[in-house]
Amino acid sequence: MKRKRILSGMQPTGTLHLGNLEGALRNWVRLQDQCEMYCCIVDWHALTTLYNRTDQIAESRRILVAEYVAAGLDPQKCAIFLQSDVKEHAELHLLLSMITPLGWLERVPTYKEKKENLNLEPEAISYGFLGYPVLQAADILVYRANAVPVGKDQAAHLELTREIARRFNHLYGEVFPEPQSLIPEETAVVPGLDGRKMSKSYGNAITLADDADTIAAKVQSAFTTPTKIRKTDPGDPENCVVCRLRRIYDPNHFQISWEECRTGVRGCVQSKRELTELLNAVLEPIRKRRTELLSDPTELDKILSNGAERARATAAETMKVVREAMGISTA
Ligand code: TRP
């Protein structure tokens, strides 16, 4: 049986946090053994918001490769590459832009949200900003990917990708499979330190770059049960960040600690100390590998150029089929 082809990507916008690790990367790492995987660093997408801070994108790209690999993606098993190294993404984006009705894009919830919430200057709401999901569709369709492992927040983009694929197939003939989203049942929503979803923009994240002391200090500051002042006061683990993180990082034994918290047999001091240890055990090897890789630019370049070569081979094949289907091939 042919292996499923999978494409996924993240924007290079800075160091990843536990939410990215548990919500996405872990799943990619599992998939790399069974599937033909393409792991993209979507640096052109980052231009939609960082067009005037491109130095940040350049730096974040290096960090993201290092973090992909440190988290367990194996460059032998999956192609790790920069979107901007595979020009076929841009060509397909242009072609798809001609068959994507504006109305479809204006209705995308992430567009409406960003436009309303990010407090952007009117000139920051660019043509490319509106077209963000078309570029994402090109990222996926240029590999004729069968599936895309993304979080729920990307569901609308993926639906639009399928609509664009259907429209293309209807106009020019069957070229693209309709990519399915691979959202694992079990993905835990990682709570941030303040109890909201962990997110870079909320400033409530524990990152892959945090050292042991920083992690300890962050856990120390995490939201717990406000009415649990003394150890013997009953806690409410379902609504306590420390307990919720404990469940994610100690899935087989967290119940005991939750029960002890509820009944006032343990206090937050103990819970925080233990969580810090659990987090460090997971993050230390990742952090170490991340630092090693970041100090080895030659290795990072090698990973990216090998990845781009593999990605390009697949993307070029698709573009040949696309041009032929559209009747605009020159060769
Ligand atoms: N929009 C995605 C995000 O914000 C990033 C992305 C761009 C992507 N192209 C993609 C994700 C293709 C999956 C597949 O997370």
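Computed from the coordinates by the stated procedures, all read-outs in this text should not be read as laboratory data. Predicted, not measured: the structure shown is a model, and the values here were computed from it. All Cβ positions, glycine included, derive from the backbone under ideal geometry; neighbour counts span all protein chains shown.
Please list, or write none, the aspartates and glutamates whose alpha carbon is within less than 15 Å of the alpha carbon of residue 228, excluding same-chain residues fewer than 8 places away.
Result set, ordered by chain and number: 236, 238, 259, 260.
Counting Lys and Arg as +1 and Asp and Glu as -1, each charge on the Cβ, what is the dipole of segment 125-258 about the Cα centre in debye, to the nearest 20?
Dipole magnitude for segment 125-258 comes out near 240 debye.
Just rank 157, 170, 45, fewest to most, by other beta-carbon atoms within 10 angstrom.
Starting with the residue having the fewest Cβ neighbours, the order is 170, 157, 45.
When only C-alpha pairs under 8 Å and at least 6 residues apart count, what is the relative contact order of segment 210-290, in percent?
36
Taking the Cβ of each residue in 111, 51 as the centre, tally the other Cβ atoms inside 10 Å and list the residues starting with the fewest.
Lowest to highest Cβ neighbour count: 51, 111.
Sort largest first and round to whole Å: the equivalent ellipsoid semi-axes of the chain, each the square root of five times a Cα gyration tensor eigenvalue. Mind dumping the intermediate values first?
Numbers: eigenvalues 317, 91, 70 Å².
The answer is 40, 21, 19 Å, longest axis first.
To two decimal places, what compactness ratio does segment 210-290 give when its Cα radius of gyration is scaled by 2.2 N^0.38 Å?
Numbers: Rg = 12.8 Å, N = 81, 2.2 N^0.38 = 11.7 Å.
Here the Cα radius of gyration is 1.09 times the empirical estimate.
If you take the charge dipole of segment 210-290 about its Cα centre, with +1 on Lys and Arg Cβ and -1 on Asp and Glu Cβ, which of 263, 253, 285 is farthest toward its positive end?
It is 285, whose Cα lies furthest towards the positive end.
Near residue 212, within a Cβ-to-Cβ distance under 13 Å, what is the net charge of the other residues, with Lys and Arg +1 and Asp and Glu -1?
The answer is -1.
Near the amide H of residue 225, under 5 Å away, which other amide H atoms are found, from residues 5 or more places off or on another chain, if H is placed in the peptide plane?
Amide H neighbours of residue 225: 236.
Determine the calculated [θ] at 222 nm for the chain from helices alone, applying -39500 (n - 2.57) to every DSSP H run no shorter than 4 residues and normalising by the residue count; nearest 500 deg cm²/dmol.
Only helices count here, giving -16000 deg cm²/dmol.
Provide, in order from the shortest bin, the percent of all Cα-Cα pairs of segment 186-326 in each 5 Å bin, continuing until the bin that contains the maximum pair distance.
2, 9, 15, 16, 13, 10, 8, 7, 6, 6, 4, 3, 2, 1, 0
Report the charge-dipole magnitude of the chain in Debye, nearest 20, computed about the Cα centre from +1 at each Lys and Arg Cβ and -1 at each Asp and Glu Cβ. Display every interim value, and only then the final one.
Values: 43 positive and 44 negative charges, 97 e Å.
Around 460 debye, computed over the chain.
Can you run phi through the Karplus equation (6.51, -1.76, 1.60; θ = phi - 60°) for segment 126-139 and list ³J(HN,Hα) in whole Hz, with x for Gly and Pro?
Ordered by residue, 3J(HN,Hα) equals 8, 3, x, 5, 5, x, 2, x, 6, 5, 4, 4, 4, 3 Hz.
What net charge is computed for the residues neighbouring residue 120, neighbours being all others with C-beta under 15 Å from the C-beta of residue 120, Lys and Arg scored +1, Asp and Glu -1? Working shown, then result.
Details: positive: 53, 112, 114, 115; negative: 113, 116, 121, 123.
Computed value for this residue: 0.
Given H placed on each backbone N at 1.01 Å, which residues far from residue 9 in sequence or on other chains put an amide H within less than 5 Å of it?
The list, which skips near neighbours in sequence, is 40.
Treating the beta-carbon of each Lys and Arg as +1 and of each Asp and Glu as -1, no other charges, what is the dipole magnitude of segment 200-331 about its Cα centre, to the nearest 20 debye?
Dipole magnitude for segment 200-331 comes out near 280 debye.
Going by amide H atoms built from the backbone, whose H comes under 5 Å of the H on residue 148, apart from near neighbours?
Those qualifying (amide H under 5 Å, at least 5 residues apart or on another chain) are 180, 181, 182.
Taking 2.2 N^0.38 Å as the expected size of a compact globular protein, what ratio does the Cα radius of gyration of segment 118-222 give against it, to two decimals?
Numbers: Rg = 18.8 Å, N = 105, 2.2 N^0.38 = 12.9 Å.
Expressed relative to 2.2 N^0.38 Å, the Cα Rg reads 1.46.
Give me the net charge for the shell around residue 313: Cβ to Cβ below 14 angstrom, other residues only, Lys and Arg +1, Asp and Glu -1.
Here the count lands on +1.
If you take every DSSP beta bridge whose two residues both sit in the chain, what share of them, in percent to the nearest 5, is antiparallel? Mind showing how you got there, number by number?
Values: 2 of 16 bridges.
Percentage antiparallel, nearest 5: 10.
Considering the options 69, 243, 103, tell which one lies farthest towards the positive end of the dipole of the chain, charges being +1 on Lys and Arg and -1 on Asp and Glu at the Cβ, about the Cα centre.
Working it through, the farthest residue towards the positive pole turns out to be 243.
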